[in-house]
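*Asks:* What follows is a structure written as structure tokens; I'll ask about it next.
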Amino acid sequence: MKSTFTVSNCTALITGASAGLGAEFSRQLAAKASRIVLVGRREDRLMELASSLRSKRPSLRVDCFKADLSLASERERLAVWIIREQIPLNLLINNAGLGDLGLFDTAPWERLSPMLEVNITALTHLTHLLLPMLRAGQPSAILNVSSVAGFYPLPEMAVYAATKAYVTSFSEALRMELASEGIIVTALCPGPVPTEFFAVASRPGETIRAMDRAHPALATTAEEVVRAALLGIAKDKPGVIPNRLLALLVRGSRLLPFPFIRMAIQLGAGPQKPSMDHKRDLP
Ligand SMILES: NC(=O)c1ccc[n+]([C@@H]2O[C@H](COP(=O)([O-])OP(=O)(O)OC[C@H]3O[C@@H](n4cnc5c(N)ncnc54)[C@H](OP(=O)(O)O)[C@@H]3O)[C@@H](O)[C@H]2O)c1
């Protein structure tokens, strides 16, 4: 059965709506959706965004749900609330995510654990919890925000890149499982986007480097990323890389044998030496 999902009059749930891509998804969807649920930890930001969306389009219904998605109990509380409120969900945007820039060995576990929880477990758990609602609200769609980082193993972003490899792989397989039901699943794979991501990903005391290092031609604005993503769902695309040059480079690189990719990444990353300041003690 071919899906006819469209964002017009949809009811969307957006995780990580308090900043960056999530806030931009809310702004772009506000023009067409009938109801939007904004999820994040910073409730003040969600409320502020909600009132600006309502003032632009008074007929839009906006709900805010404060939740720390790194906790299973919070994810369950969100699903229970959606069922109790009978929210006719038909678009799930699994956008919340975070990174960590630096060597794996020197990363405090307190930084890695929430990243694994939010990027992998929360995305999977929420999809699992909310799939019955999406099925009931058909035609429906799931947009999982992955990253171009998921296509390559990346030193100094080892865990983050691996979480996004998971997101892309999971999305592709789920898409195949749900194809016969007409539920669209799309993985969004942006390159660098100027949001709060790099400030959050940088370790205390370290300067924000990755966005500065990114070639301007490979960067994309949040507006462009979200526009491309919503077009991708409308066209039932399995994946969206919202920058033409980056998309070309990714596709080209996939034709190369992996040892070449490994060599290029290693040369680009330079020698990896843990700083003595960051040497970890034995537990
Ligand atoms: N920016 C980039 O260059 C880039 C590139 C490729 C992919 N991405 C992906 O795009 C997505 C959005 O990132 P962004 O660039 O918009 O970054 P951002 O500006 O830092 O926004 C991240 C969002 O995730 C939410 N979040 C983080 N931890 C959370 C938690 N424990 N519980 C609930 N919400 C949580 C934050 O909300 P609260 O802090 O209020 O909870 C915030 O709204 C992420 O999945 C990221 O991996 C970003």
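The values are calculated or read from the model by the stated rules, or taken from the named source; none is laboratory data. Note that the structure is a prediction, hence the values are computed from the model and not measured. Methodologically, a virtual Cβ is constructed for each residue, glycine included, from the backbone with ideal geometry; neighbour enumeration extends over all protein chains shown.
*Asks:* Kindly evaluate S59 against the criterion of being in a loop (DSSP other than H, G, I, E, B), polar (S, T, N, Q) and either closer than 23 Å to T121 by Cβ or within 11 Å of the ligand (Cβ to nearest atom) (or both). Before you say what the answer is, go through the steps one by one.
*Replies:* Values: in a loop (DSSP other than H, G, I, E, B): yes; polar (S, T, N, Q): yes; either closer than 23 Å to T121 by Cβ or within 11 Å of the ligand (Cβ to nearest atom) (or both): no.
It is false that S59 is in a loop (DSSP other than H, G, I, E, B), polar (S, T, N, Q) and either closer than 23 Å to T121 by Cβ or within 11 Å of the ligand (Cβ to nearest atom) (or both).
*Asks:* Please specify each residue of the stretch 28-48 satisfying the condition of being near the ligand (Cβ under 7 Å from one of its atoms) and not in a loop (DSSP other than H, G, I, E, B).
*Replies:* At the first step, the residues of the stretch 28-48 found to be near the ligand (Cβ under 7 Å from one of its atoms) are 39-42, 45.
V39, G40, R45 - these are the residues of the stretch 28-48 that are near the ligand (Cβ under 7 Å from one of its atoms) and not in a loop (DSSP other than H, G, I, E, B).
*Asks:* Please tell me if F25 is within 15 Å of the ligand (Cβ to nearest atom), buried (at least 19 other Cβ atoms within 10 Å of the Cβ), aromatic (F, W, Y) and farther than 21 Å from M115 by Cα.
*Replies:* Yes: the conditions hold for F25.
*Asks:* Quickly run through the stretch 119-155 and pick out the residues that are in contact with a Leu (Cβ under 7 Å, 6 or more places away or on another chain) and at pLDDT below 95.
*Replies:* Of everything in the stretch 119-155, just one residue is in contact with a Leu (Cβ under 7 Å, 6 or more places away or on another chain) and at pLDDT below 95, namely G137.
*Asks:* Run down P139, P132, P114 and say which single residue is farther than 30 Å from L103 by Cβ, assigned to a helix (DSSP H, G or I) and not hydrophobic (A, V, I, L, M, F, W, C). Give the steps one after another, and end with the answer.
*Replies:* Details: P139 fails: assigned to a helix (DSSP H, G or I); P114 fails: farther than 30 Å from L103 by Cβ.
Just one listed residue meets the conditions, P132.
*Asks:* Only one residue in N119, N94, N144, N90 is within 27 Å of D236 (Cβ to Cβ), more than 16 Å from the ligand (Cβ to nearest atom), polar (S, T, N, Q) and touching a residue at least 40 places away in the same chain (Cβ under 8 Å). Which one? Outline the logic, then answer.
*Replies:* On the way: N119 fails: more than 16 Å from the ligand (Cβ to nearest atom); N94 fails: more than 16 Å from the ligand (Cβ to nearest atom); N144 fails: more than 16 Å from the ligand (Cβ to nearest atom).
Answer to the check: N90.
*Asks:* Of the residues V193, V200, which single one is within 8 Å of the ligand (Cβ to nearest atom), outside any loop (DSSP other than H, G, I, E, B) and closer than 24 Å to F25 by Cα?
*Replies:* Working: V193 fails: outside any loop (DSSP other than H, G, I, E, B).
Within the list V193, V200, the selection yields V200.
Condition check ((1) modelled with pLDDT of 95 or more; (2) in contact with a Lys or Arg (Cβ under 7 Å, 6 or more places away or on another chain); (3) more than 22 Å from A96 (Cβ to Cβ)) across all residues:
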position	(1), (2), (3)
A158	yes, no, no
V167	yes, no, no
S171	yes, no, no
V185	yes, yes, no
L188	yes, no, no
R209	no, no, yes
R227	yes, no, no
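*Asks:* Would you pick out the residues in the stretch 74-87 that are acidic (D, E) and touching a residue at least 24 places away in the same chain (Cβ under 8 Å)?
*Replies:* Pass one, the stretch 74-87, residues acidic (D, E): 74, 76, 85.
Within the stretch 74-87, E76 is the sole residue that qualifies.
*Asks:* Only one of these is part of a helix (DSSP H, G or I), within 19 Å of T168 (Cβ to Cβ), at pLDDT 95 or above and among the hydrophobic types (A, V, I, L, M, F, W, C): I265, I233. Name it. Lay out the reasoning, then the answer.
*Replies:* Numbers: I265 fails: at pLDDT 95 or above.
Of I265, I233, the one residue that is part of a helix (DSSP H, G or I), within 19 Å of T168 (Cβ to Cβ), at pLDDT 95 or above and among the hydrophobic types (A, V, I, L, M, F, W, C) is I233.
*Asks:* Among the residues of the stretch 1-22, how many are within 7 Å of the ligand (Cβ to nearest atom) and more than 17 Å from N95 (Cα to Cα)?
*Replies:* Just the residues of the stretch 1-22 that are within 7 Å of the ligand (Cβ to nearest atom), to begin with: 15-22.
Keeping just the survivors that are more than 17 Å from N95 (Cα to Cα) gives none.
The qualifying residues number 0.
*Asks:* Also: Is it fair to say S171 is within 16 Å of the ligand (Cβ to nearest atom), among the hydroxyl-bearing types (S, T, Y), in contact (Cβ under 8 Å) with a residue 60 or more places away in the chain and more than 22 Å from F104 (Cα to Cα)? Spell out the reasoning first.
*Replies:* On the way: within 16 Å of the ligand (Cβ to nearest atom): yes; among the hydroxyl-bearing types (S, T, Y): yes; in contact (Cβ under 8 Å) with a residue 60 or more places away in the chain: yes; more than 22 Å from F104 (Cα to Cα): yes.
Spelling it out, S171 is indeed within 16 Å of the ligand (Cβ to nearest atom), among the hydroxyl-bearing types (S, T, Y), in contact (Cβ under 8 Å) with a residue 60 or more places away in the chain and more than 22 Å from F104 (Cα to Cα).
*Asks:* Among the residues of the stretch 20-46, how many are in contact with a strand residue (DSSP E or B) (Cβ under 8 Å, 6 or more places away or on another chain) and closer than 15 Å to S8 by Cβ?
*Replies:* 6
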